[in-house]
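The values are calculated or read from the model by the stated rules, or taken from the named source; none is laboratory data. What you see is a predicted model; the values in this text were computed from it and never measured. Cβ placement follows ideal geometry from the backbone for every residue including glycine, while neighbour counts extend to all protein chains displayed.
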Amino acid sequence: MFEAYSLRAESVAEAAESLRHKVEGLSSAQRADYYSHYKRALKDPDTYAVLNWVFLAGLHHFYLEHYWRGLLNLGVMLVGVALCFVVPLLGGALILLITLVELPALFRSQLIVEAHNISLGFDIYREIVS
């Protein structure tokens, strides 16, 4: 949820370079298998950004398969909407809180999804070499 605040472009670039070197060391057949799996698993940063922008309710977390984060966001957003009918100030505050927490993720969606895809790449690499 807070990766928008903690991710650093330099560390993501270093991880991407490390993954590239590891994949280069695979045999041709393993590399073809790796890229076949990786292509299917890749996530699109634009889809992530649209889900974040249109639905601040956490659907972008579900897209990256971070289900607990998505459920937490969705739950807080639904409670906020329900409270708007009972205690409007508190409900509005919850919705504003979720918006403030998730807004940086919208602006850093490229980096967040790149880091996620690199993590997937390492997972697939470990499966291929084991």
Study note, to complete from the structure: Here the residues within region 33-60 that are among the small types (Gly, Ala, Ser) and either under 15 Å from residue 122 (Cα atoms) or in contact (Cβ under 8 Å) with a residue 60 or more places away in the chain (or both) are 36, 41, 49
Practice item. Filter region 42-86 down to residues that are closer than 23 Å to residue 117 by Cα and in a helix (DSSP H, G or I), then give me how many there are. Key: 22
Check your understanding: Is it true that some residue in region 96-111 is charged (D, E, K, R), outside any helix (DSSP H, G or I) and either at pLDDT below 90 or in contact with a strand residue (DSSP E or B) (Cβ under 6 Å, 6 or more places away or on another chain) (or both)?
Key -> yes
Revision key, fill the gap. Reported set for region 93-130 where residues are buried (at least 18 other Cβ atoms within 10 Å of the Cβ) and aromatic (Phe, Trp, Tyr) is 125
**Study point:** In region 82-92, residue nearest to residue 51 (Cα to Cα) [restricted to those that are surrounded by fewer than 14 Cβ atoms within 10 Å (Cβ to Cβ) and not aromatic (Phe, Trp, Tyr)]
**Key:** 82
Exercise for review: List the number of the failed condition for residue 19; all other conditions in (1) surrounded by fewer than 17 Cβ atoms within 10 Å (Cβ to Cβ); (2) at pLDDT 95 or above hold.
Suggested key: (1)
Exercise for review: Looking only at region 1-14, decide whether some residue is farther than 30 Å from residue 129 by Cα and surrounded by 12 or more Cβ atoms within 10 Å (Cβ to Cβ).
Suggested key: yes
